[in-house]
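J.: Just passing along the structure, written as structure tokens.
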Amino acid sequence: MRVPLSWLKEYVDITMSPEALAHTLTMAGLEVEAIDYLGKSWGDTVITAQIIHLEKVEKSDHLNYTRVITGRGELGVVCGAPNIKLGDKVPLALPGTKIGDMTIGESKKMGYVSQGMLCSPRELGIGTDHAGIYILDPGIAIGQKLVDVLGEVVLEFSIKAHRGDLSSIVGIAREVAALTDQPLRMPQPHFQEQGTPASDLIKVTVEAPDLCPRYSARVVSNVKIGPSPFWMGQRLLAAGMRPINNVVDITNYVMLELGQPLHGFDLELVRQHHIVVRRANTGEEMTTLDNVKRKLTPDMLLITDPTGPTAIAGVMGGAISEVSEQTTSVLIEAANFKANSIRRTSVALGLRTDASSRFEKGLDPELTVRGANRAAQLMAELANGNVHPGIVDVYAQTITPRILTFSTADITWLTGMQVTQLEAAEALRSLGFGVELAEQNQQMTVTVPTYRPDIEESADLVEEVIRIIGYDKLPATIPVGPLPAPHGISWFDREQEVRELLVGAGLNEIITYAMTSRARMVHLLAQANATSARALLQAGRINASQQTAVATQGTTALTSFDVHHIPAVVLANPLSSDLESMRLTLLSGLMETMQENSKRNKAGLRFFEVGRRYLPSKDMHQLPDERRSVGIAMSGPAAISWVGELARPADFYDLKGVIETLLTALHITHYRFTPTQHPTFHPGRCALVEVMRHTSEGNEVLSPIGVMGEVHPLVQQRYDLPERAYLCELDVEQLYEAVPQRLVYQTISRHQELTRDLAIVVEQTVSSQDMQETILRHGGELLRSVELFDIYTGEPIPAGKKSMTYSLLYQSQERTLTDTEANALQEQILQALYQTFGATFR
């Protein structure tokens with residue numbers, strides 16, 4: 001939720017900086033995710049101006065030529081927005097201003113010289129509307145820096161599901177007042193009532209009181225629909241909402257201010273002036289304000305009139321009774337709906353709104369009358385409306401505040417902090433709790449306000465007291481009691497170990513959603529068919545022949561492949577079509593992250609993610625197999641260089657080096673990279689990662705734990721990556737099966753090493769990995785290490801062959817080796833290479 005600081009200051013005095021305020025609130029449990037400084041990027045070159053001349057550009061169907069005055073001169077600007085008119089005051093970006101990635105310059109268009117740009121809300125970064133220029137208040141002086149007019153500091157909060165009282169500016173102000181010991185100024189609606197009583201103009205029937213505990217309605221007539229005043233539009237934009245007209249904006253303004261969602265009906269379009277709150281009928285349909293016809297189910301709550309639905313309760317209004325420019329009488333709806341009902345309806349329809357997100361958190365039924373009165377006051381002031389006497393209020397069962405017995409001993413018992421009775425009472429009263437002190441035993445009777453349904457027991461009161469006094473005041477104590485039994489295997493520790501090793505290798509950790517869509521996952525396949533789709537299931541669980549089969553099957557164009565053939569775990573009731581299934585692979589999230597970051601950062605992209613893949617079970621009644629996995633992604637420069645031309649791009653071997661670093665740190669010494677094929681990777685630049693593991697029979701076998709390689713050019717193009725990308729996915733559970741149970745350390749030999757180089761000529765198709773394994777196998781215990789340091793092709797090496805040169809290190813624990821012994825081993829190795837690969841000594 002976005003909270004403009006200037007709006008917040010209307011209800012509580014704030015004497016600290018925005019950064020200090022954000023820290024104070026975060027430390028008290030109100031997480032401030034970000035501070036947005038609106039206008040920070042405008043500088044001195046975005047100013048206020050006024051249009052003094054406006055003419056159509058010849059041979060253009062939409063362009064206008066304007067002359068604007070800035071207080072320091074007159075400029076000409078070509079503009080295509082349809083909403084400007086003579087005399088408007090507008091934001092003007094002067095030449096040299098940077099708007100996003102675009103720098104404004106003086107240009108000539110269709111014979112007219114344009115000396116700047118008139119800006120829309122989206123171009124200014126204060127909204128998403130790009131349909132027209134942002135029209136400023138007529139009273140604003142021209143020539144001012146726009147940051148002095150529209151600049152704002154906005155705090156972005158992450159509101160938790162149990163704190164519906166914080167879904168408003170006033171709710172945040174209450175917390176600020178309590179934490180900074182400042183008085184809270186609540187808005188107090190004052191207005192005159194006149195005309196026919198509301199109860200004679202509208203009838204309300206609630207047929208489902210279990211889903212709608214309270215429904216309040218007011219009537220305002222003779223309203224004049226028009227634009228909202230500049231101050232209200234500015235506040236709504238800063239809070240993330242688009243101004244529409246004064247009546248609609250007032251309902252949104254009150255929702256943001258008090259946290260009570262409102263809906264305005266055109267009273268004349270409500271049949272028989274009768275509101276009926278009921279469950280939907282089987283097969284019933286209605287068209288919502290977004291012009292979408294929606295199918296309803298009997299567990300959904302509707303606002304209807306005698307002829308049919310007019311709104312989906314707590315989610316969105318209907319098109320049939322919406323406020324329009326012809327509206328003169330408004331029915332203000334302020335209702336309280338059950339949180340779980342709204343949540344089910346919102347998810348089932350895939351329709352998430354500002355109103356539904358607030359109802360889902362649970363709202364105070366006492367807010368309805370306060371919200372309706374506040375909206376009525378603003379409609380009287382800003383729309384010249386006539387507020388009719390009285391309010392129609394259907395309140396089946398009045399809610400009573402919860403009363404709890406509380407003692408400061410509870411604070412000491414749960415936190416170890418000593419708090420006096422007066423300190424606890426003061427903290428609770430600052431939050432709006434009623435407190436009556438007992439004369440003995442440090443006890444008190446606490447009346448919980450109705451806007452805090454999350455307070456159910458004394459432990460909740462302990463939390464409120466401590467967070468107001470300050471979590472930093474909690475004493476540091478040594479835990480007492482018996483130690484818990486140690487766990488045999490801690491996957492948390494293992495995954496943390498992998499994270500630390502990859503961070504040490506220069507990678508950055510990312511966290512992506514475990515929910516995705518089959519359409520997004522199929523983007524990983526260069527060519528899509530049922531066989532290649534199954535490859536998404538198989539990272540680290542297949543052999544080379546299966547991988548080759550994937551690549552050699554007939555392919556199908558991506559556009560014609562039915563993504564429903566991907567065997568994923570599909571959600572029965574997804575939040576959206578982009579989150580309709582559980583991920584089969586981490587690679588999709590890694591590629592999407594690289595795609596986004598490649599647009600904003602020219603430095604090397606080096607990411608990893610430790611997470612789970614969800615593989616469907618063959619038995620529909622069993623849970624999916626959740627495989628712990630790690631994914632790695634690299635693209636762009638391999639290292640930072642001050643000279644861009646010297647920055648070498650990352651390649652296959654950089655990724656291979658990271659994997660080898662991980663394996664070596666885990667003490668896995670026997671591993672290999674085997675060439676393979678995979679539908680995500682470039683043919684010939686892909687390998688299985690194989691490690692030595694022990695079978696149940698006690699044998700040692702090399703088996704794959706994952707796949708790595710260069711991303712296929714078609715996949716790279718699909719994700720709009722400017723440079724080659726490299727991916728790897730490893731099965732962490734299979735990885736740790738190869739980690740030795742215990743480490744055996746060997747004494748460092750005191751005897752001299754003997755080094756021999758071995759240059760041999762083999763067919764170009766021979767793998768260096770196979771060669772190295774043969775050398776190690778026939779070198780015996782005296783051969784300590786083998787390192788390939790040169791590969792050569794060309795004269796005098798015959799065509800189709802290559803020269804490979806290895807460095808072999810011999811050493812004994814018992815004695816100094818002689819040249820005769822080393823030469824004998826060299827001859828033994830040469831003989832084995834000749835018999836196995838037809839290798840000849842060079």
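The values are calculated or read from the model by the stated rules, or taken from the named source; none is laboratory data. Not measured: the values here are computed from a predicted model. When we count neighbours, we look across all protein chains shown, and the Cβ atoms used for this are built from the backbone with ideal geometry, even at glycine. In case anyone asks, the SASA skips ligands and DNA or RNA and just uses the protein heavy atoms, side chains included. Shrake-Rupley method; radii C 1.70, N 1.55, O 1.52, S 1.80 Å.
J.: In this structure, does residue 448 turn out to be open to solvent by less than 40 Å² (accessible area, probe 1.4 Å), modelled with pLDDT of 95 or more and closer than 25 Å to residue 23 by Cα? Steps first, please.
T.: Values: open to solvent by less than 40 Å² (accessible area, probe 1.4 Å): yes; modelled with pLDDT of 95 or more: yes; closer than 25 Å to residue 23 by Cα: no.
Considered against the rule, which asks whether it is open to solvent by less than 40 Å² (accessible area, probe 1.4 Å), modelled with pLDDT of 95 or more and closer than 25 Å to residue 23 by Cα, residue 448 comes out as no.
J.: May I pose another question? Within segment 664-677, identify whether any single residue is part of a helix (DSSP H, G or I) and in contact with a Gly (Cβ under 9 Å, 6 or more places away or on another chain), and answer yes or no. Give the steps one after another, and end with the answer.
T.: Just the residues of segment 664-677 that are part of a helix (DSSP H, G or I), to begin with: 664-665.
Narrowing further to those that are in contact with a Gly (Cβ under 9 Å, 6 or more places away or on another chain): 665.
Scanning segment 664-677 turns up at least one residue that is part of a helix (DSSP H, G or I) and in contact with a Gly (Cβ under 9 Å, 6 or more places away or on another chain).
J.: Another question about this same structure. Being out of contact with any Gly (no Cβ under 6 Å at 6 or more places or on another chain), modelled with pLDDT under 90 and not in a loop (DSSP other than H, G, I, E, B) is the filter; apply it to segment 626-652 and report the residue that is most open to solvent (accessible area, probe 1.4 Å).
T.: Residue satisfying both the conditions and the ranking: 645.
J.: Right, another one. Taking the condition at pLDDT 95 or above and either under 26 Å from residue 707 (Cβ atoms) or open to solvent by 30 Å² or more (accessible area, probe 1.4 Å) (or both), does residue 534 pass? Spell out how you get there, then give the answer.
T.: Values: at pLDDT 95 or above: no; either under 26 Å from residue 707 (Cβ atoms) or open to solvent by 30 Å² or more (accessible area, probe 1.4 Å) (or both): yes.
Answer is no for this residue.
J.: Looking only at segment 175-214, count how many residues are in a loop (DSSP other than H, G, I, E, B), touching a helix residue (DSSP H, G or I) at 6+ places or on another chain (Cβ under 6 Å), open to solvent by less than 50 Å² (accessible area, probe 1.4 Å) and aliphatic (A, V, I, L, M).
T.: Final tally of qualifying residues: 2.
J.: Only residues that are closer than 22 Å to residue 228 by Cβ and open to solvent by 10 Å² or more (accessible area, probe 1.4 Å): list them for segment 320-329, please. So that I can check it myself, show each step before the final result.
T.: Initial filter on segment 320-329 (closer than 22 Å to residue 228 by Cβ): 321-329.
Result: 322, 323, 324, 325, 326, 328, 329.
J.: Let me ask you something else. Go over the candidates 254, 219 one by one and state the one that is in a helix (DSSP H, G or I), buried (at least 22 other Cβ atoms within 10 Å of the Cβ) and of a type outside the set (Phe, Trp, Tyr). Please lay out each step first, then the result.
T.: Values: 219 fails: in a helix (DSSP H, G or I).
After applying the criteria, what remains is 254.
J.: If you don't mind, another one. For segment 722-759, what are the residues that are closer than 25 Å to residue 813 by Cα, touching a residue at least 60 places away in the same chain (Cβ under 8 Å) and charged (D, E, K, R)?
T.: Scanning segment 722-759 gives a single hit, 756.
J.: Can you confirm whether segment 48-68 contains a residue that is assigned to a loop (DSSP other than H, G, I, E, B), open to solvent by 10 Å² or more (accessible area, probe 1.4 Å), on the phi < 0 side of the Ramachandran plot and of a type in the set (Asp, Glu)?
T.: Quick first cut of segment 48-68, residues assigned to a loop (DSSP other than H, G, I, E, B) only: 57-63.
Still in the list and also open to solvent by 10 Å² or more (accessible area, probe 1.4 Å): 58-63.
Add one more test, that the residue is on the phi < 0 side of the Ramachandran plot, and what stays is 58, 60-63.
Retained after the next criterion (residues that are of a type in the set (Asp, Glu)): 58, 61.
Within segment 48-68, one or more residues are assigned to a loop (DSSP other than H, G, I, E, B), open to solvent by 10 Å² or more (accessible area, probe 1.4 Å), on the phi < 0 side of the Ramachandran plot and of a type in the set (Asp, Glu).
J.: Sort out which residues of segment 760-780 are free of Cβ contacts under 8 Å to residues at least 60 places away in the same chain and open to solvent by 50 Å² or more (accessible area, probe 1.4 Å), and write them in order of number.
T.: Initial filter on segment 760-780 (free of Cβ contacts under 8 Å to residues at least 60 places away in the same chain): 764-765, 768, 772, 775-780.
Within segment 760-780, 764, 765, 772, 776, 777, 778 qualify.
J.: Which ones in segment 418-452 are among the β-branched types (Val, Ile, Thr) and not in a loop (DSSP other than H, G, I, E, B)? Explain how you work it out, then say what you get.
T.: Of segment 418-452, the ones among the β-branched types (Val, Ile, Thr) are 419-420, 435, 445-448, 450.
Selection gives 435, 445, 446, 447, 448.
J.: Would you be able to tell me the number of residues in segment 479-525 that are in contact with a strand residue (DSSP E or B) (Cβ under 8 Å, 6 or more places away or on another chain), under 27 Å from residue 659 (Cα atoms) and part of a loop (DSSP other than H, G, I, E, B)?
T.: Total meeting the criteria: 6.
J.: Next up: Out of 159, 142, 133, 126, I need the residue that is touching a Ser or Thr at 6+ places or on another chain (Cβ under 9 Å) and closer than 26 Å to residue 355 by Cβ. Which one?
T.: Values: 142 fails: closer than 26 Å to residue 355 by Cβ; 133 fails: closer than 26 Å to residue 355 by Cβ; 126 fails: touching a Ser or Thr at 6+ places or on another chain (Cβ under 9 Å).
Exactly one residue qualifies, and that residue is 159.
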